[in-house]
Ligand SMILES: Cc1ncc(C[n+]2csc(CCOP(=O)(O)OP(=O)(O)O)c2C)c(N)n1
Ligand code: SF4
Ligand SMILES: [Mg+2]
């Protein structure tokens, strides 16, 4: 047998208290690592553990096999306590080829466990991955425990009786590994078996081969009586609020939130979008939800997508457009039109690394300036950000509420990490959400298209087809009192002021800023927004447990900012802004409130780590 | 009982908005506007169900002068906005007004897609072969040699042909008219409205300020009969002061040519009968331009095909046939677990 558990004399792979474990699966982009990861997450969620995932895949669809740039990885952190991030450092690395090992072994915790597919460690594979010599022999892995299994041969042998091709047989590797890892952590295989049967049909030989591989991996764990580090571990379920739970990705909950928002507004929705990573899943999901009064339109480009959504809103539906940085940049002129004509519109920006094409599959939060300021002229619009996959649901509803109540485009910021990651989610009940039905203008008496609600300053929404309300709107400045085009100087001042006041007033209609962990005053506040929630929250929690005076503030409403935020920030001696960009929220807060905030800024395409936030907290509190 | 009151008959004036028209005196746009007011009244359309969507340019100010619904949008993007509106509200009558720069330069991509998708929108391209609103630069339809502020030594880029472009985009209705020919324009508007799917009309429009008389070689009264060919489905393509000229197909050159009846043995039977469903001939007709040929006017091509918004609506309806979606149910489908 190929099993070798090198005795390295280093610590066990698992955290000592064993209340959480981080496992990272890595392989070639054709190895099915994402499927392996998401199925393991599903099993883990069903076992009642808390979890967070981080799918980390390459930009290339199928890079040449065995190359480091073709490595796809999936990380999961799961445990019996509340899990807030996908984990700083894996405890276990499953490497399905040398390239996967090359890319990932340095991130592994000292004393961690490496499970290798020995069958994929041929000389040429090793060279191709960039190892001068076989890393299993030269001490490269001496800080880790290594378990070598010829997974390739195992999978081939298992699949052979089903008459599938060599290629298909080898592709059951991921299910074999899933079987093994499921055994290690005492997971039920049921949901995966159902998944495979559903996907291939009960009689399909490929499906049968995959099921056999799954069972074989599991049996391998049992019969080889793996011991020590690799002995099965059972993880008690986490204590959470009562309710019905599921795993949800950010893209799913965002799409569902948009549907929910449209229902609460009493509107049908038109989503117009142009494919772009990592935004496309929103289009894919909504394209299947036509029965919810959703019409989807794959436009010729992002400009057309934004324009079509505006056309739909003009027609009295909820216009929504979704994209990522480069596409949002293209939409800016049209967003200006929606601001000028005061039409509702939801613009979803699933941010990715930039500038330009940048890092399409990697995460970043660098479109904050684009969202808040990125238009010609004085063109304010509300901006809100989601902090986690499940949170996208409520944020999407809020975006629809603001857009329709204030007759304005709203930018919703998500990011690649949130969109792709999955987390256990207490499924909301629509009965718990109060409707905010839109009222269309139908009365011709005294009508003009820029009549405003005295409180919200929102203009009336009169849709074509309504007798007696025929009117013209457009990008040229409109007269405050009639809506007709106007080049009058004083009128332009008044309209500019009104557009600004309308958006600023939204601050009265959003919750005041609260503190997530800690006190409303003290030595240090760590401020974040969006997907940095998990690491900041955990780090502040940990540091407070060590007696440090630090609090966590997380901003959802980015524009306008909550009324009390300035006062709140000034009640701390120091403010540290942690974000995945070069200091955009940092500049915004400094500019708005004249606070001497400092930044913990990271743009590596990877989420911020808990340890990085902890280090920054320590150094902030250490320096005078 | 539900008594339907007959809608009062509207006059052209009922389609004119209360806004002062601000085109230059003598601009061809006035005539088109007037023709539209009359045409809509003649067709008996309801102003509340009619929407004019435009881009940016002199021509795109059109919606402000219509007492219908109107949306003056951004440069080049009217096809996309109109498409979104049509998807949201298929029952509305949507007209789109654009210029040669708006439609064929900045908006060329969108024009291509609205035509190939065959969205049921009536598209009016006012072609004055110049950028009017920005004070007279050369446009994509300006001819080689056109002098303008941006081309002081004459334009050197090869012009776009609007109708040829539309045909290349798979438009199913292509027509051409002249700003001042109100009667013919009215007929084209009514044909366009009746046509399901994208209807494309190129309107030859005189910009009196920046490109005056650029079409004089075929629009001037003195030459009109010799230089205009008004095509009608099922009728021979005959023109000329004497009605003795016609278009025939030359099988040797595989091209159309002008033939004079009574000369060289040419008889009426040699002259082509216009078949607006014939896409190949439509291509040849669309490419026929003065001075070698008369300007072809009228419906050049019309061969209806299913429209985009109808196909989308059919899919939406099929998905909704099983009843409205239940979000609570959707979110609870698949693997869930209960925590007490
Ligand atoms: C994004 C953008 N770029 C440029 C302009 C300036 N602009 C306005 S109209 C126009 C050209 C109009 O020409 P055409 O479409 O032929 O219309 P016409 O005025 O001739 O009717 C240009 C370049 C603009 N409004 N927006
Ligand atoms: S510039 Fe030309 S096209 Fe524009 S309004 Fe004047 S005459 Fe008409
Ligand atoms: Mg023009």
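Any residue at all in region B:133-144 that's more than 12 Å from ligand 1 (Cβ to nearest atom) and in a loop (DSSP other than H, G, I, E, B)? Yes, region B:133-144 has at least one match. Among residues that are buried (at least 16 other Cβ atoms within 10 Å of the Cβ), in contact with a strand residue (DSSP E or B) (Cβ under 7 Å, 6 or more places away or on another chain) and at pLDDT 95 or above, residue A:588 is not included.
All of B:89, B:77 fail the test of being crowded, with 24+ Cβ neighbours inside 10 Å, at pLDDT 95 or above, closer than 19 Å to residue A:305 by Cβ and away from ligand 3 (no atom under 16 Å from the Cβ), apart from B:77. The selection criterion, being surrounded by 14 or more Cβ atoms within 10 Å (Cβ to Cβ) and touching a strand residue (DSSP E or B) at 6+ places or on another chain (Cβ under 7 Å), does not hold for residue A:184. Checking each residue in region B:92-110 for being crowded, with 24+ Cβ neighbours inside 10 Å and at the interface with chain A (Cβ under 10 Å from one of its Cβ atoms) picks out B:94, B:107, B:110. Among the residues making up region B:119-161, those that are within 14 Å of residue B:201 (Cα to Cα) and away from ligand 3 (no atom under 11 Å from the Cβ) are B:120, B:121, B:122, B:123, B:124, B:161. Applying the set (1) away from chain A (no Cβ under 13 Å); (2) more than 30 Å from residue A:479 (Cα to Cα) to residue B:126 leaves exactly one unmet item: (2). Note on region B:287-312: residues that are outside any loop (DSSP other than H, G, I, E, B) and either free of Cβ contacts under 8 Å to residues at least 40 places away in the same chain or more than 8 Å from chain A (Cβ to nearest Cβ) (or both) total 13. Within the option set B:197, B:240, being more than 22 Å from the chain's Cα centre (by Cα) and surrounded by 14 or more Cβ atoms within 10 Å (Cβ to Cβ) holds for one residue only, B:240. Is at least one residue of region B:93-104 out of contact with any strand residue (DSSP E or B) (no Cβ under 8 Å at 6 or more places or on another chain) and away from ligand 2 (no atom under 16 Å from the Cβ)? Checking region B:93-104: not a single residue is out of contact with any strand residue (DSSP E or B) (no Cβ under 8 Å at 6 or more places or on another chain) and away from ligand 2 (no atom under 16 Å from the Cβ). The single condition among (1) over 25 Å from residue B:191 (Cα atoms); (2) surrounded by 18 or more Cβ atoms within 10 Å (Cβ to Cβ); (3) within 16 Å of ligand 2 (Cβ to nearest atom) that residue B:134 does not satisfy is (2). If you go through region B:17-33 and keep only what is farther than 10 Å from residue B:186 by Cα and under 21 Å from the mean Cα position of the chain (by Cα), you end up with B:23, B:27, B:28, B:29, B:30, B:31, B:33. If we keep just the residues of region B:145-166 that are assigned to a helix (DSSP H, G or I) and in contact with a strand residue (DSSP E or B) (Cβ under 6 Å, 6 or more places away or on another chain), which is nearest to ligand 2 (Cβ to nearest atom)? Across region B:145-166, the extreme among qualifying residues is B:162. I need the full set of residues from region B:22-47 which are exposed (fewer than 15 other Cβ atoms within 10 Å of the Cβ), within 14 Å of chain A (Cβ to nearest Cβ) and either within 16 Å of ligand 3 (Cβ to nearest atom) or within 21 Å of residue B:133 (Cα to Cα) (or both), in order please. Scanning region B:22-47 gives a single hit, B:22. Just for region B:194-214: of the residues that are more than 15 Å from ligand 2 (Cβ to nearest atom) and assigned to a loop (DSSP other than H, G, I, E, B), which one is nearest to residue B:42 (Cα to Cα)? Once the filter is applied, the top-ranked residue is B:195.
Candidates A:574, A:598, A:609: the one that is under 22 Å from residue A:365 (Cβ atoms), surrounded by fewer than 21 Cβ atoms within 10 Å (Cβ to Cβ) and under 23 Å from the mean Cα position of the chain (by Cα) is A:609.
On the basis of being surrounded by 22 or more Cβ atoms within 10 Å (Cβ to Cβ), over 24 Å from residue B:36 (Cβ atoms), at pLDDT 95 or above and more than 9 Å from ligand 1 (Cβ to nearest atom), does residue B:155 make the cut? Taking the combined requirement at face value, the residue does not satisfy it. The number of residues in region B:319-340 that are facing another protein chain (nearest Cβ under 8 Å) and in a helix (DSSP H, G or I) comes to 6.
Of the set (1) closer than 19 Å to residue B:201 by Cβ; (2) at the interface with chain A (Cβ under 8 Å from one of its Cβ atoms), all apply to residue B:71 but (1). Exactly one residue among B:39, B:54 is within 16 Å of ligand 2 (Cβ to nearest atom) and either within 19 Å of the chain's Cα centre (by Cα) or on the phi > 0 side of the Ramachandran plot (or both), and that residue is B:54. Applying the set (1) in contact with a strand residue (DSSP E or B) (Cβ under 8 Å, 6 or more places away or on another chain); (2) under 17 Å from residue B:127 (Cα atoms) to residue B:23 leaves exactly one unmet item: (1).
Could you identify the single residue in B:76, B:84 that is free of Cβ contacts under 8 Å to residues at least 60 places away in the same chain, in contact with a strand residue (DSSP E or B) (Cβ under 9 Å, 6 or more places away or on another chain) and within 14 Å of ligand 1 (Cβ to nearest atom)? Even if it seems obvious, please write down each step before you answer.
Values: B:84 fails: within 14 Å of ligand 1 (Cβ to nearest atom).
That would be B:76, the only listed residue that is free of Cβ contacts under 8 Å to residues at least 60 places away in the same chain, in contact with a strand residue (DSSP E or B) (Cβ under 9 Å, 6 or more places away or on another chain) and within 14 Å of ligand 1 (Cβ to nearest atom).
Taking region A:238-248 as the range and being surrounded by 15 or more Cβ atoms within 10 Å (Cβ to Cβ) and assigned to a loop (DSSP other than H, G, I, E, B) as the test, only A:238 passes.
Could you tell me whether residue A:455 is over 31 Å from the mean Cα position of the chain (by Cα), closer than 30 Å to residue A:368 by Cβ and more than 11 Å from chain B (Cβ to nearest Cβ)?
Numbers: over 31 Å from the mean Cα position of the chain (by Cα): yes; closer than 30 Å to residue A:368 by Cβ: yes; more than 11 Å from chain B (Cβ to nearest Cβ): yes.
It is true that residue A:455 is over 31 Å from the mean Cα position of the chain (by Cα), closer than 30 Å to residue A:368 by Cβ and more than 11 Å from chain B (Cβ to nearest Cβ).
The values are calculated or read from the model by the stated rules, or taken from the named source; none is laboratory data. Predicted model only: the values in this text are computed from it and were never measured. Cβ: placed from backbone, ideal geometry, glycine included. Neighbour counts: every protein chain shown.
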